[in-house]
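Student: I have a structure I would like to understand better, so I am pasting it below and will then ask my questions one at a time.
Every number here is computed from the coordinates shown, using simple stated rules; none is lab data. Everything quoted here is computed from the prediction, not taken from an experiment. In this analysis, Cβ positions are derived from the backbone assuming ideal geometry, glycine residues included, and neighbour counts consider all displayed protein chains.
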Amino acid sequence: MKHNIQVARILAAATVLGLGLLIAAQATASTVSADAIAERLKPSGELCLQGMDCGGVAAPVVAGPKSAEEVYNGLCTSCHDTGAAGAPKRGDAAAWAPRIAQGMATLYDHSLNGIRGMPAKGGNPSLSDDEVKSAVDYIVEASR
């Protein structure tokens, strides 16, 4: 009998504690406004795509293909000016002579599809084949 009284007291205490927690949670929830919840859930940024109006400033529109110099300066220079990953330096006729001797078709193929440490299109798949080929022409012209 004494055991049943102790169990009943424990159950009663747990029930009171549970009800207290429930009431406290409801009181807290009622003080949080819908605006505060919306503020916490709003996105941290917005995506602005080409041609979209993004808060009064339109995303830049690319004005056609990049020039050979733009492609080279924006991508190729990191390896072909420094010799990184064994890349022949632009302007180094001795390093380029055996490559140029293979023919432009081979140089284009290597630049478009990658070779050794050089990834396809120098690692920028958004470049067109013509943009990559023009950059190859630019490098070869400076390296004869």
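Student: Any idea which of 64, 128, 38 is furthest toward the positive side of the dipole for the chain, if Lys and Arg beta-carbons carry +1 and Asp and Glu beta-carbons -1?
Tutor: 38
Student: Taking just the alpha-carbon atoms of the stretch 68-142, what radius of gyration and Dmax come out, in angstrom?
Tutor: Over the stretch 68-142's Cα set, Rg and Dmax evaluate to 10.9, 31 Å.
Student: What are the ³J(HN,Hα) values, in whole Hz, obtained from phi via the Karplus relation 6.51 cos²θ - 1.76 cosθ + 1.60 with θ = phi - 60°, for each residue of the stretch 11-17 in sequence order, with x given for Gly and Pro?
Tutor: 5, 5, 5, 5, 5, 4, 5
Student: I would also like to ask the following. Kindly write out, for the stretch 124-133 in residue order, the coupling ³J(HN,Hα) from the Karplus curve 6.51 cos²θ - 1.76 cosθ + 1.60 (θ = phi - 60°), rounded to whole Hz, with x marking Gly and Pro.
Tutor: 10, x, 7, 6, 6, 4, 5, 5, 5, 4
Student: Residues with amide H under 5 Å of residue 91's amide H, sequence separation 5 or more or different chain, H placed in the peptide plane at 1.01 Å from N; which?
Tutor: Those lying under 5 Å, H to H, from residue 91 are 143.
Student: What residue among 93, 138, 83 has its Cα farthest toward the positive end of the dipole of the chain, where the charges are +1 on Lys, Arg and -1 on Asp, Glu, each on the Cβ?
Tutor: 83
Student: (1) 48; (2) 65; (3) 40: which one is percent of Cα pairs over 21 Å apart as calculated from this entry?
Tutor: The value matching this structure is (2).
Student: Kindly point out, ordered by number, any Cys in the chain whose beta-carbon has no other cysteine beta-carbon under 4.7 Å away.
Tutor: Singleton cysteines: 76, 79.
Student: Then there's this: Stick to the Cα atoms of the stretch 2-43, pair each with every other, and give me the Kirkwood hydrodynamic radius in Å at one decimal. Walk me through the numbers before you get to the answer.
Tutor: On the way: mean 1/r = 0.0777 Å⁻¹.
Taking every pair of different Cα atoms in the stretch 2-43, averaging 1/r and inverting gives 12.9 Å.
Student: Sorted by packing (mean other beta-carbon atoms within 10 Å per residue), highest first, where do 16-24, 89-97 land?
Tutor: Result, highest mean Cβ count within 10 Å first: 89-97, 16-24.
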